[in-house]
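**Q** Submitted below is the structure of interest, expressed as structure tokens.
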Amino acid sequence: MPITETRGVRNRNPGNIDYNSANQWQGQLKPDPAIEKRFARFDTPENGIRALGKLLLTYQRKHGLKTVKAIISRWAPAVENDTAAYVRAVEASTGTAPGAEIDLTQAPLMRGFVKAIIHHENAGYAYPDAVLAEGVRRALA
């Protein structure tokens, strides 16, 4: 039986970022409702990871969200997710204590955060380390 790719992997949008015409993401593909009605699609997984990282940085810089719980509560609202489990998974992946303030401009922390989101959003999927590292590098550039 063939393994079906998750929507996030198929769209090269592993954070499952909603499509918004105001977002001019690097590598974002033109919307095509025949392929995907809700989520953005990207030309490469690295650009999808870049967008994910840039959005997380916006949450910190523009919205002042400084903890894993604050960021994930905005990223994955409780109406659609088990936010508490999601927060625990990200804290475990980043080695962050519950409630601790974090700085996503630190590459190792960003990498752990993004890796945990990708894992959670895509049924345990993990990109090769080189793909993840390049996407994070682009986000922090």
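The values are calculated or read from the model by the stated rules, or taken from the named source; none is laboratory data. As the structure is a computational prediction, the values presented were derived from the model and not from experiment. A quick note on method: Cβ atoms are made from the backbone with ideal geometry, for glycine too, and the neighbour counts reach across all protein chains shown.
**Q** How many of the residues making up the stretch 103-120 are among the polar types (S, T, N, Q) and surrounded by 14 or more Cβ atoms within 10 Å (Cβ to Cβ)?
**A** 0
**Q** Only one residue in Glu91, Glu134 is within 15 Å of the chain's Cα centre (by Cα), of a type in the set (Asp, Glu) and either under 18 Å from Gly8 (Cα atoms) or at pLDDT below 95 (or both). Which one?
**A** Glu134
**Q** Checking Asn16 against (1) in contact (Cβ under 8 Å) with a residue 40 or more places away in the chain; (2) crowded, with 20+ Cβ neighbours inside 10 Å; (3) in contact with a Pro (Cβ under 9 Å, 6 or more places away or on another chain), which single condition isn't satisfied?
**A** Condition not satisfied by Asn16: (3).
**Q** Shifting gears a bit: Please work out if Thr4 is in contact with a Pro (Cβ under 9 Å, 6 or more places away or on another chain), more than 22 Å from Arg138 (Cβ to Cβ) and of a type outside the set (Phe, Trp, Tyr).
**A** Details: in contact with a Pro (Cβ under 9 Å, 6 or more places away or on another chain): no; more than 22 Å from Arg138 (Cβ to Cβ): yes; of a type outside the set (Phe, Trp, Tyr): yes.
It is false that Thr4 is in contact with a Pro (Cβ under 9 Å, 6 or more places away or on another chain), more than 22 Å from Arg138 (Cβ to Cβ) and of a type outside the set (Phe, Trp, Tyr).
**Q** A further question follows. If we keep just the residues of the stretch 19-50 that are crowded, with 18+ Cβ neighbours inside 10 Å and touching a residue at least 60 places away in the same chain (Cβ under 8 Å), which is nearest to the chain's Cα centre (by Cα)?
**A** The qualifying residue nearest to the chain's Cα centre (by Cα) is Ile49.
**Q** Among the candidates Thr58, Thr4, which residue alone is farther than 18 Å from Ser93 by Cβ, under 14 Å from the mean Cα position of the chain (by Cα) and β-branched (Val, Ile, Thr)? Give the steps one after another, and end with the answer.
**A** Values: Thr4 fails: under 14 Å from the mean Cα position of the chain (by Cα).
One residue alone meets the criteria, Thr58.
**Q** Something else about it: Out of Ala100, Ala78, Ala123, report the one residue that is free of Cβ contacts under 8 Å to residues at least 12 places away in the same chain and either among the charged types (D, E, K, R) or surrounded by fewer than 16 Cβ atoms within 10 Å (Cβ to Cβ) (or both).
**A** Ala78
**Q** Quick check: is even one residue across the stretch 107-122 under 17 Å from Val9 (Cα atoms) and not in a helix (DSSP H, G or I)?
**A** Yes; the residues of the stretch 107-122 include at least one that is under 17 Å from Val9 (Cα atoms) and not in a helix (DSSP H, G or I).
**Q** Among the numbered conditions (1) surrounded by fewer than 20 Cβ atoms within 10 Å (Cβ to Cβ); (2) at pLDDT 95 or above; (3) not hydrophobic (A, V, I, L, M, F, W, C), tell me where Gly53 comes up short.
**A** Just one mismatch for Gly53, condition (1).
**Q** Then there is this: When you scan the stretch 53-63, do you find a residue that is under 25 Å from Asp129 (Cβ atoms) and assigned to a loop (DSSP other than H, G, I, E, B), even just one?
**A** So far as the stretch 53-63 goes, no, none of its residues is under 25 Å from Asp129 (Cβ atoms) and assigned to a loop (DSSP other than H, G, I, E, B).
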